[in-house]
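To start, the structure itself, in structure tokens.
The values are calculated or read from the model by the stated rules, or taken from the named source; none is laboratory data. If you're wondering where the values come from, they're calculated on a predicted model, not measured in any experiment. Note: ideal-geometry Cβ built from the backbone for every residue, glycine included; neighbour counts use all protein chains shown. These area figures cover heavy atoms from the full protein model, side chains too; ligands, DNA and RNA do not enter into them. Shrake-Rupley method; radii C 1.70, N 1.55, O 1.52, S 1.80 Å.
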Amino acid sequence: QVQLVESGGGLVQAGGSLRLSCAASGSIFSINFMRWYRQAPGKQRELVAELTSRGNTNYADSVKGRFAISRDNAKNTMYLQMNKLIPEDTAVYYCRMTKWPSDYWGQGTQVTVSS
């Protein structure tokens, strides 16, 4: 069983940056997929970024060029670096790790971008 704890959310002005962290209680070395999602009020949860075990990354069109997903195996942590934030990025951000056949989610962290 892996537990995920997120941190790094907060209030930031448009144009600013935040780095979200997702710390796992166990080793992430054998994790197959790492993903960040977000859910804005009244909207469905959407996939923001994905990192595969082979190092491939995928991003939602809305965040390409602004967000970057990464991992630090030594710290059992994944990150989401968010730059050039805009008000539309305001949402609760969730991390997810998949280690087949299991799936783990973080509790969510609020990101609010003011205009």
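Skipping prolines and chain starts, which residues have an amide H placed within reach, meaning under 5 Å, of the one on Phe33, given they are 5 or more residues away or on another chain?
Amide H to amide H, under 5 Å and 5 or more residues apart or across chains, Phe33 pairs with Thr98.
Quick query: amide H of Val48 versus all other amide H atoms, modeled in the peptide plane; which residues come in under 5 Å with a sequence gap of 5 or more or a different chain?
For Val48, the qualifying residues are Trp36, Tyr37, Arg38.
In square angstrom, what is the accessible area per residue of region 70-115 with a 1.4 angstrom probe?
Counting only protein heavy atoms, the per-residue value for region 70-115 is 50 Å².
Amide H neighbours of Phe67 under 5 Å, counting only residues 5+ apart in sequence or on other chains, H built in-plane at 1.01 Å?
Those qualifying (amide H under 5 Å, at least 5 residues apart or on another chain) are Asn83.
What are the extents of the Cα atoms of region 57-115 along their three principal axes, in Å, largest first?
Sorted from largest, the Cα extents of region 57-115 read 40, 22, 22 Å.
Can you give the net charge of the other residues whose Cβ lies under 9 Å from the Cβ of Met97, counting K and R as +1 and D and E as -1?
+2
Quick one: 3J(HN,Hα) in Hz for region 86-98, Karplus 6.51/-1.76/1.60 with θ = phi - 60°, rounded, Gly and Pro as x.
Rounded to whole hertz, the list is 10, x, 5, 7, 4, 4, 8, 9, 10, 9, 9, 10, 10.
Past the 20 angstrom mark, what percentage of all C-alpha to C-alpha distances in the chain do you count?
When every Cα pair of the chain is considered, 35 percent fall beyond 20 Å.
Calculate what fraction, in whole %, of the accessible area of region 9-115 sits on carbon and sulfur atoms when a 1.4 Å probe is rolled over the protein chains.
Within region 9-115, the accessible surface is 49 percent carbon and sulfur.
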